[in-house]
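Attaching a single structure in structure tokens format; questions to follow.
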Amino acid sequence: MFDPAVETLARYRARAVRRYRLLRLRGDDVECPCCGGGFREFMPGRDENNPICPRCGAQARHRALWLYLHERTNLFTEELSLLHFAPERALRRLSELPNLRYLSADLDAADAMEHFDITAIPHPDGSFDAILCIHVLEHVPEDRAAMRELHRVLRPGGWAIVMVPLDLTLPTTFEDPSIVTPEERERAFWQADHVRLYGPDFPDRLRQAGFTVTVDPWVRELEPETRRRYGLFAEEDIYVCGA
């Protein structure tokens, strides 16, 4: 049963922990572009390649994406309609950009503006100038149907950034519908709620859905000191899809 007093106490405790964390890590050795915070260091993530922002929770992929969007796209400078799937807390500032007609969507997350299945998007063809779909498809059983829907609702000349966890040592994407328990999926697919582990054929799957795909090594080409300051994973590629 929901207890308002318990919920309130939990919120107070979370705020106290956050304030302590920010105080302990205050500094300017590293910087999170998603929230603008400066810190002595990032918090450890699940592995050494994925440090976490102590203020907004941004992971390495979120910080890389924010920088990429700012440096290599028109998202901050032109009037665009943006569809953002499974909106991450670290990227909430995108919804505040005055030049965007911003729409967030998720199957059931409470903070999404609309709720629908990514394999059946209830919007007309060519509805959006830009789409962000970051670490979503690995959760979707019918990912090829989802890719086709993303392509359908992207206007000609628009762009989509689609990112997933990748194991580039695999020959191809690994899928096995007989792997169903959380424990088995975590061993096979890196996380208990993943249904596959993508390999180097990921851009080919996107192309089969109708996209043109550019694998942009922008993060790899940054200076090592820039990657260190922003806590970026050196081997992160950006998958840019066009209609």
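The values are calculated or read from the model by the stated rules, or taken from the named source; none is laboratory data. Remember, predicted model here, so these are calculated numbers, not experimental data. Backbone-built Cβ (ideal geometry, glycine too); neighbour counts: all protein chains shown.
Any idea how many residues of region 184-209 are in contact (Cβ under 8 Å) with a residue 24 or more places away in the chain, touching an Asp or Glu at 6+ places or on another chain (Cβ under 9 Å) and of a type in the set (A, V, I, L, M)?
Within region 184-209, residues that are in contact (Cβ under 8 Å) with a residue 24 or more places away in the chain, touching an Asp or Glu at 6+ places or on another chain (Cβ under 9 Å) and of a type in the set (A, V, I, L, M) number 3.
Is one or more of the residues making up region 170-183 in contact (Cβ under 8 Å) with a residue 40 or more places away in the chain, out of contact with any Asp or Glu (no Cβ under 8 Å at 6 or more places or on another chain) and in a loop (DSSP other than H, G, I, E, B)? Show your work before the answer.
Keep residues of region 170-183 that are in contact (Cβ under 8 Å) with a residue 40 or more places away in the chain, which gives none.
Within region 170-183 (the criterion being in contact (Cβ under 8 Å) with a residue 40 or more places away in the chain, out of contact with any Asp or Glu (no Cβ under 8 Å at 6 or more places or on another chain) and in a loop (DSSP other than H, G, I, E, B)), the answer is no, since none of the residues qualifies.
Taking the condition of being among the hydrophobic types (A, V, I, L, M, F, W, C), in contact with a Lys or Arg (Cβ under 7 Å, 6 or more places away or on another chain) and under 19 Å from Phe211 (Cα atoms), how many residues in region 144-179 meet it? Steps first, please.
So the first thing to find is which residues in region 144-179 are among the hydrophobic types (A, V, I, L, M, F, W, C), and the list is 145-147, 150, 153-154, 159-164, 166, 168, 170, 174, 179.
Going one step further and asking which of them are in contact with a Lys or Arg (Cβ under 7 Å, 6 or more places away or on another chain), we end up with 147, 163, 174, 179.
Among the residues that remain, those that are also under 19 Å from Phe211 (Cα atoms) are: 147, 163.
Total satisfying the criteria: 2.
Still on this structure, I have one more. Could you check region 71-92 and list, in sequence order, the residues that are surrounded by fewer than 19 Cβ atoms within 10 Å (Cβ to Cβ), at pLDDT 95 or above and out of contact with any Lys or Arg (no Cβ under 8 Å at 6 or more places or on another chain)?
So in region 71-92, the residues surrounded by fewer than 19 Cβ atoms within 10 Å (Cβ to Cβ) come out as 71-74, 76-79, 81, 86, 89, 92.
With at pLDDT 95 or above added as a condition, the list becomes 71-74, 76-79, 81, 86.
Answer for region 71-92, where residues must be surrounded by fewer than 19 Cβ atoms within 10 Å (Cβ to Cβ), at pLDDT 95 or above and out of contact with any Lys or Arg (no Cβ under 8 Å at 6 or more places or on another chain): Glu71, Arg72, Thr73, Asn74, Phe76, Thr77, Glu78, Ala86.
Then there is this: Quick one: in region 27-70, which of the residues that are closer than 24 Å to Asp237 by Cβ, in contact (Cβ under 8 Å) with a residue 12 or more places away in the chain and of a type in the set (D, E, K, R) is surrounded by the most Cβ atoms within 10 Å (Cβ to Cβ)?
This residue is Arg63.
Is one or more of the residues making up region 98-111 surrounded by 20 or more Cβ atoms within 10 Å (Cβ to Cβ) and either hydroxyl-bearing (Ser, Thr, Tyr) or over 24 Å from Pro54 (Cα atoms) (or both)? Can you show your working first?
So in region 98-111, the residues surrounded by 20 or more Cβ atoms within 10 Å (Cβ to Cβ) come out as 104-105.
If we keep only those that are either hydroxyl-bearing (Ser, Thr, Tyr) or over 24 Å from Pro54 (Cα atoms) (or both) too, we end up with 104-105.
Yes, region 98-111 contains a residue that is surrounded by 20 or more Cβ atoms within 10 Å (Cβ to Cβ) and either hydroxyl-bearing (Ser, Thr, Tyr) or over 24 Å from Pro54 (Cα atoms) (or both).
Filter region 151-175 for residues that are out of contact with any helix residue (DSSP H, G or I) (no Cβ under 9 Å at 6 or more places or on another chain) and of a type in the set (A, V, I, L, M, F, W, C); which is surrounded by the most Cβ atoms within 10 Å (Cβ to Cβ)?
So, considering only residues that are out of contact with any helix residue (DSSP H, G or I) (no Cβ under 9 Å at 6 or more places or on another chain) and of a type in the set (A, V, I, L, M, F, W, C), the one surrounded by the most Cβ atoms within 10 Å (Cβ to Cβ) is Leu154.
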